[in-house]
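The values are calculated or read from the model by the stated rules, or taken from the named source; none is laboratory data. Model, not experiment: these values are computed from the prediction. Glycine also receives a Cβ, built like all others from the backbone with ideal geometry; neighbour counts cover every protein chain displayed. Protein only, heavy atoms only, side chains kept; ligands, DNA and RNA dropped before computing areas. Shrake-Rupley method; radii C 1.70, N 1.55, O 1.52, S 1.80 Å.
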Amino acid sequence: MSVLKTPNAETIAEAAAMIRGGDLVAFPTETVYGLGANALDGQAVARIYEAKGRPSFNPLIAHFCDVAQMQDYIALPDRAKEWFDMLAHHIWPGPLTLIVPRAEGCEISELATAGLETVAVRIPAHPVARDLIKQAGVPIVAPSANLSGTISPTTPAHVAEGLGDKVGMILAGGACTVGLESTVVDLSEEKPVILRPGAVIKEQMEELLNTEIFYIIQNKGEKDAGGDNGEAAEAVKAPGMLLKHYAPSIPVRLNAVDLEPGEALLAFGSDKFMGIKGGGAAKDLPEEQRRNLSEEGDLNEAAANLFAMMRALDKPENKGIAVMSIPDEGLGVAINDRLRRAAQK
Ligand code: TXA
Ligand code: MG
């Protein structure tokens, strides 16, 4: 029996009831598909970790339908409140996650926040996601709806492939428009810090907050997204920065200027002059071996295509995936971040 359902008033109501009842529902957001559970129900949250094979030290994002719904769960110190209000006002609903202190008596499952004093909150822009949260009447924790360590899902088919037998329902709302996970910003410290780059870029937030924002550099526990490597304490500040995280099963080679025989090409911009070592041109490769993130060199288009194209090329027939270079500015920072993880051995 297929768990894929077209979102409409009836199926969303059904999904909301499943969430309240402790089941898992996969749903579309503008970034990637989420695997949702009632954030207040520890057992439901445990099902997420089990279904994904996710290490329990890696906390989840709680999704809300509006800021009012967050009030009982978060406690903002004065300065963070200013930052929070500004970002919330200008960017939500949208692809931004904020890390803020948990309120006293916050009823979000401690498993969801991995025992931290903070909680990650986001208001997604996708109408199906917001409807679902509103109707469920509870915050919904949702990691990306993929097996831990594999490529995040941007279509319902991707979700079904990895988790089809582990979810109560998949609300099939088409392809995700952003295509990369939300930008994660920590507001719980002296200065706002980006823990994970995404579609909301550093410069945009610096302008809004009128302050410099830094990226956190993660270099501990980096090869071990899939299992507990005993470095949870260090890893936890930016657990999503575990380096090998978005990995295809074949090797990924970055900044390629030509192809090794047997490699597939993930192009950006024109690949007209790309050659294959030993003879031949990339442009003559068969469809299975060649994708272009954006022929026009458009970073938004490239972000939206990235995960689906990596999946399409991730076939045992291909020896590896050679990726052309992508400018490291604006949204390119987030794209290169995901590519570096995919290339990590
Ligand atoms: O776009 C997205 O953010 C998607 C959609 C479904 O909303 N969700 C997503 O969730 O990407 P996930 O679980 O794959 O990534 C959540 C990231 C992880 O890097 C996690 O470590 C970090 O947020 N995170 C969650 N709570 C945190 C906390 N309290 N402190 C620091 N990092 C936290
Ligand atoms: Mg994920």
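Remarks
- Long-range neighbours under 8 Å by Cβ, at least six apart or interchain, first residue on the phi < 0 side of the Ramachandran plot within the range 309-328, second of a type in the set (Phe, Trp, Tyr) and open to solvent by less than 40 Å² (accessible area, probe 1.4 Å): 310/246; 323/268; 324/268; 325/268; 326/268
- One residue from 85, 78 being under 30 Å from residue 303 (Cα atoms), away from ligand 2 (no atom under 16 Å from the Cβ) and open to solvent by 20 Å² or more (accessible area, probe 1.4 Å): 85
- Candidates 116, 96 - the one that is surrounded by fewer than 19 Cβ atoms within 10 Å (Cβ to Cβ) and under 27 Å from residue 42 (Cβ atoms): 116
- Filter result for the condition that a residue is part of a strand (DSSP E or B), under 22 Å from residue 113 (Cβ atoms) and away from ligand 1 (no atom under 11 Å from the Cβ), over 37, 44, 88: 37
- Of residues in the range 50-87 being among the charged types (D, E, K, R) and in contact with a Ser or Thr (Cβ under 7 Å, 6 or more places away or on another chain), the one farthest from residue 211 (Cα to Cα): 52
- Of the numbered criteria (1) modelled with pLDDT of 95 or more; (2) within 16 Å of ligand 2 (Cβ to nearest atom); (3) touching a helix residue (DSSP H, G or I) at 6+ places or on another chain (Cβ under 9 Å), the one residue 58 fails is (1).
- Apart from one condition, residue 122 fits all of (1) within 16 Å of ligand 2 (Cβ to nearest atom); (2) free of Cβ contacts under 8 Å to residues at least 40 places away in the same chain; (3) crowded, with 19+ Cβ neighbours inside 10 Å; the exception is (2).
- The set of residues in the range 159-179 being within 15 Å of ligand 2 (Cβ to nearest atom) and in a strand (DSSP E or B) is empty.
- Against the list (1) within 16 Å of ligand 2 (Cβ to nearest atom); (2) under 18 Å from residue 138 (Cα atoms), the condition residue 49 fails is (2).
- Criterion violated by residue 187 - all others in (1) open to solvent by less than 10 Å² (accessible area, probe 1.4 Å); (2) more than 10 Å from ligand 1 (Cβ to nearest atom); (3) under 14 Å from the mean Cα position of the chain (by Cα) satisfied: (3)
- Residue identified as open to solvent by less than 70 Å² (accessible area, probe 1.4 Å) and without any contact (Cβ under 8 Å) to a residue 40 or more places away in the chain among 265, 299: 299
- Every condition in (1) free of Cβ contacts under 8 Å to residues at least 60 places away in the same chain; (2) within 16 Å of ligand 2 (Cβ to nearest atom) is met by residue 105 except one, and the failing one is (2).
- Checking each residue in the range 140-158 for being within 11 Å of ligand 1 (Cβ to nearest atom) and outside any loop (DSSP other than H, G, I, E, B) picks out 140, 141, 144.
To keep it simple, each residue is scored yes or no on (1) within 17 Å of the chain's Cα centre (by Cα); (2) within 12 Å of ligand 1 (Cβ to nearest atom).
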{"site": "5", "(1), (2)": "no, no"}
{"site": "13", "(1), (2)": "no, no"}
{"site": "18", "(1), (2)": "no, no"}
{"site": "49", "(1), (2)": "yes, yes"}
{"site": "69", "(1), (2)": "no, no"}
{"site": "74", "(1), (2)": "no, yes"}
{"site": "84", "(1), (2)": "no, no"}
